[in-house]
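**Q** Here it is: the structure, laid out below.
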Amino acid sequence: MALRGIDVHAAFEGPVEEARTEARKAEDLLKKLDIPSPSLRNSPRGIFCTRTLNLRSISAIGYDMDYTLVHYNVKAWEGRAYDYCMENLKNMGFPIDGLAFDPDLVIRGLVIDKEGGNLVKADRFGYIKIAMHGTKMLSTRAVSEIYGRELVDLRQKSRWEFLNTFFSVSEAVAYMQMVDKLDGGIIPSNLGSFDYNGLYKVVGKALIAAHVEGRLKSEIMSNPEQFVEPDPELLFTLLDQKEAGKKLVLITNSDYHYTHKMMHHSFNRFLPNDMGWRDLFDIVIVSANKPEFFQMSHPMYEVVTEEGLMRPCFKAQTGGLYSGGSAQMVESSLNIHGDEILYIGDHIYTDVSQPKVHLRWRAALICRELEEEYTALIRSRGRRQSLVELINQKEVVVDLFNQLRLALQRQSKGRPAQIVAATNVNKENLTERMQKLLLVMQILDGKIAPMLEADGELFNKKWGYLSRAGLWDKSHLMRQIEKYADIYTSRVSNFLYYTPFMYFGSQEQNLAHDSYTHYCSQIDNFPSYGQLDQHGGEIQETNVSC
């Protein structure tokens, strides 16, 4: 390609080839040092970028604790939360006989319809694709009849409850099971008259009581091995970031005693003898009261004794342990503001959208289920490819059927068909060919329907994939992630494979009309933009293929 007499290919080929040579040398060096190649990042433990993020420009990294720095065994943690919730419901007089915790009943990203007693999965626009009433899945027709074109609107908190985190699982399972009890008419009348919304409030109170009473957390603190899944790589991740000059801050809603116990259990066994978990962080804030922590100012207290005694303070100091306060206080104490701070957590609203919306912090979401979903997608790749091929075949047949239908329609009105050949075909032949195509469509539908229904069952048999609503579209959760999270990944220790200096570049976003690339490939000598100037005159540039 030449532009105004300049050989562009020659101008770029030298530096490009030189860069390739150096890249190959660097990759060979990585292999000799046994350092993982960047290609290994395309895996279930990759970090996925929705908005360009340069870690070199990040001066401070804030962390949530629960399900972020400390990951729990979901079946154990949420199973015990469920048990305490059901015990409280039983003490209130509710029938719970025959009920047990079923973690596969619910996945993150679903939405509870408190008016209908339903659990629904919506696509990125909010249209409901799948629904369950109580513990029974609804048919496609029933979903259409109930919701029609109705949208899930998460701003209507009186009706819709978004399952943001693993902590939502126990509540959702208990609620859907109690909906069955309500529908069965076996809830004693002396407890009052309940609609689905009222029942949700009762289940919520029973679960909150389990947390307020402290029995659940006391059990976890006394036996953390049963509930916490250790991650030895996490320590080296934080040390790398700290030694690279990043200020590390722990901001958790958990209280001091629980935080200390969980962090001590998760980190101290892997630390050198002269270090404790608090040495990893410049500032530690417990009982943060997120999301208000990011929205407004609250008093800050310094925790001054191991027993948790506190005194008021107005500015955090390096190495300090504090309760309450606000994000503005953290910025002021570190003298770091806005997009110089990256906050990492597992709650799409509390940890991701709020620091971004109110403070313009960068945000990362931790979603442990990504590992399982990524693996399931790989395992189902062949099946999904076959399904797409069948759908493409059906599209061709449907288009042919519609063309014949239009030809028949025009013929009945005495007008010529789209082409001469179709105009000359008589009505009987057109009808016969349409019937044959209709039979082919029915055969294809018979193959496609069960494959569509089974798509995603390797992740969850009822709800399919976390990130998808149907074969093509994104789920409502995925839309929230793309809207608010700059990056997302399955666990914090995945940063270990990217270095604290990583530049995360977002991928090109495909648009509906991007099929022009296919169109270009069908045309030889397709004219390039530079071939004609604005007056239609020629300029010095050769044809550039698409």
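The values are calculated or read from the model by the stated rules, or taken from the named source; none is laboratory data. The model shown is predicted, which means the values in this text are computed figures rather than measured ones. Here Cβ is always computed from backbone atoms with ideal geometry, including for glycine, and neighbour counts include all displayed protein chains. Each accessible area value is taken on the protein alone, full model and side chains, heavy atoms only, with ligands, DNA and RNA left out. Shrake-Rupley method; radii C 1.70, N 1.55, O 1.52, S 1.80 Å.
**Q** Could you tell me which of SER139, ASN197, SER254 has its Cα farthest along the dipole of the chain towards the positive end, charges placed at Cβ (Lys, Arg +1; Asp, Glu -1), taken about the Cα centre?
**A** Value computed over the given set: SER139.
**Q** Can you list the lysines whose alpha carbon is less than 23 Å from that of LYS121, not counting same-chain residues fewer than 8 positions off?
**A** Hits, sequence-local ones excluded: LYS75, LYS129, LYS136, LYS157, LYS181, LYS201, LYS461, LYS462, LYS474, LYS483.
**Q** Pairing the Cα long axis of helix 167-183 with the longest principal axis of the chain, what angle in degrees results, from 0 to 90 and rounded to the nearest 10?
**A** Relative to the chain, helix 167-183 is tipped by roughly 80 degrees.
**Q** Report the one residue of ILE341, GLY464, ILE61 whose Cα lies farthest in the direction of the positive end of the charge dipole of the chain (charges on C-beta: Lys and Arg +1, Asp and Glu -1; origin at the Cα centre).
**A** Checking the options against the dipole of the chain, the answer is GLY464.
**Q** If I fit a long axis through the Cα atoms of helix 427-454 and take the longest principal axis of the Cα atoms of the chain, what angle between them do I get, 0 to 90°, rounded to 10?
**A** 20
**Q** Out of these labelled values of mean projected area of the Cα convex hull in nm², (1) 28.3; (2) 36.9; (3) 29.9, which was calculated from the coordinates shown here?
**A** (2)
**Q** I need the calculated FRET efficiency for the pair HIS257 and ALA76, taking r as the beta carbon distance and R₀ as 30 Å, to the nearest 0.05.
**A** 0.90
**Q** Here is a further query. Full-extension gain between GLN226 and LYS25, please, as 0.36 nm times their residue separation minus the C-alpha to C-alpha distance.
**A** So the chain would gain 67.7 nm between GLN226 and LYS25.
**Q** For segment 150-274, calculate the relative contact order in percent as a whole number, restricting contacts to Cα pairs under 8 Å that are 6 or more residues apart. Don't jump to the answer; show the numbers that get you there.
**A** Details: 40 pairs, mean separation 23.3, N = 125.
It rounds to 19 percent for segment 150-274.
**Q** Rounded to the nearest 10 degrees, what's the angle between the helix 370-379 long axis and the longest principal axis of the chain, both from Cα atoms, 0 to 90?
**A** Roughly 30 degrees between the two axes.
**Q** Give me the distance between the Cα centres of segment 332-365 and segment 230-256, rounded to whole Å.
**A** When both Cα centres are located, 16 Å separates them.
**Q** For a quick protection proxy, order the peptides 282-288, 139-145, 370-376 by their average other-Cβ count within 10 Å, most packed first.
**A** 282-288, 370-376, 139-145
**Q** Let me ask something else. Straight-line reach only, C-alpha to C-alpha below 20 angstrom: list the aspartates and glutamates that LYS90 could link to, leaving out same-chain residues fewer than 8 apart.
**A** Partners found: GLU78, ASP102, GLU171, ASP180, ASP183, ASP195, GLU213.
**Q** Still on this model: What is the percent carbon and sulfur in the accessible area of segment 121-233, measuring with a 1.4 Å probe over the protein chains and ignoring ligands?
**A** 52
**Q** Would you kindly derive the ³J(HN,Hα) couplings of segment 475-483 from the backbone phi angles with the Karplus curve 6.51 cos²θ - 1.76 cosθ + 1.60 (θ = phi - 60°), listing them in order in whole Hz, with x for Gly and Pro?
**A** With coefficients 6.51, -1.76 and 1.60, one gets 7, 4, 4, 5, 5, 5, 4, 5, 6 Hz.
**Q** When only Cα pairs under 8 Å and 6 or more residues apart are kept, what is the percent relative contact order across segment 74-224?
**A** Here the relative contact order equals 32 percent.
**Q** Determine the share of segment 392-515's accessible area contributed by carbon and sulfur atoms, expressed in whole percent, with a 1.4 angstrom probe.
**A** 54
**Q** Something else about it: Gain in length, SER386 to ASP339, computed as 0.36 nm per residue apart minus the alpha-carbon separation, to one decimal in nm?
**A** Extra length from SER386 to ASP339 when fully extended: 12.5 nm.
**Q** Right, here's the next one. Evaluate the charge dipole of segment 62-218 about its Cα centre and quote only its size in Debye, nearest 20, assuming +1 on the Cβ of each Lys and Arg and -1 on the Cβ of each Asp and Glu.
**A** Rounded to the nearest 20 debye, it is 220 debye.
**Q** In the structure displayed, which of LYS246/LYS356; LYS32/LYS261; LYS290/LYS315 lie more than 30 Å apart, Cα to Cα? Kindly include the intermediate steps, with their values, before the conclusion.
**A** Working: LYS246/LYS356 19 Å; LYS32/LYS261 41 Å; LYS290/LYS315 19 Å.
Flagged as over cut-off: LYS32/LYS261.
**Q** Set Lys and Arg Cβ to +1 and Asp and Glu Cβ to -1, take the dipole of the chain about its Cα centre, and tell me which of MET275, ALA512, ALA376 lies farthest positive.
**A** Sorting the options by dipole projection puts first ALA512.
**Q** Same structure, new question: Could you order the peptides 420-433, 480-493 from most to least packed, using the average number of other C-beta atoms within 10 Å per residue?
**A** Working: 420-433: 12.3, 480-493: 21.4.
Highest to lowest by the protection proxy: 480-493, 420-433.
**Q** Roll a 1.4 Å probe over the protein chains and send me the accessible area per residue for the chain in Å². It would help to have the intermediate numbers written out before the result.
**A** Working: 29000 Å² over 546 residues.
I get 53 Å² per residue for the chain.
**Q** Calculate the FRET efficiency for ARG405 and GLU457 from the Cβ-Cβ distance with a Förster distance of 45 Å, rounded to the nearest 0.05.
**A** The value I calculate is 0.80.
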